[in-house]
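Q: Questions regarding the structure given below will be posed in turn.
The numbers here are math on the coordinates, done by the rules we state, and not lab data. Quick caveat, the model's predicted, so the values are computed rather than measured. Neighbour counts are summed over all protein chains in view; Cβ atoms, including those assigned to glycine, are modelled from backbone coordinates with ideal geometry.
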Amino acid sequence: MTQDTAFRDLLECIETLPLNDKEAFFKSLLTEQEMNDISIRWAILNDLKKAVPQRTIVREYSTSLQKVSKCASHLKNKSDIVSVFLQHRYDETVR
């Protein structure tokens, strides 16, 4: 199985799980550090979308400015899937 095939297979498996089993699945599959890294990255993206200053985010999550800047670059690219998702999530006209 190639890496791409394995990743697509993983996504399909996750899709079939009931919502309450997804957390247990990820906790079983990923290390605590990997879970932490993903969670922090997601929190950073959400904070950036809410216009929280980058230096505030660096302090709040005890992370590097480089990591925050990398997340910010996703939001600057309006066609990036993360940017599109968060735009939709925080777009007041959608609610």
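Q: State all residues of segment 60-95 that are over 10 Å from Ile44 (Cβ atoms) and assigned to a loop (DSSP other than H, G, I, E, B); if no residue qualifies, say none.
A: Hits for segment 60-95 are Ser62, Ser64, Asn77, Lys78, Ser79, Asp80, Asp91, Glu92, Thr93, Val94, Arg95.
Q: Counting residues that are over 24 Å from Asp91 (Cα atoms) and small (Gly, Ala, Ser), which helices (runs of 4 or more DSSP H) fully inside segment 1-59 reach at least 2? Let's see the steps before the verdict.
A: Values: elements: 3-16, 19-29, 32-49.
Per the criteria, 19-29.
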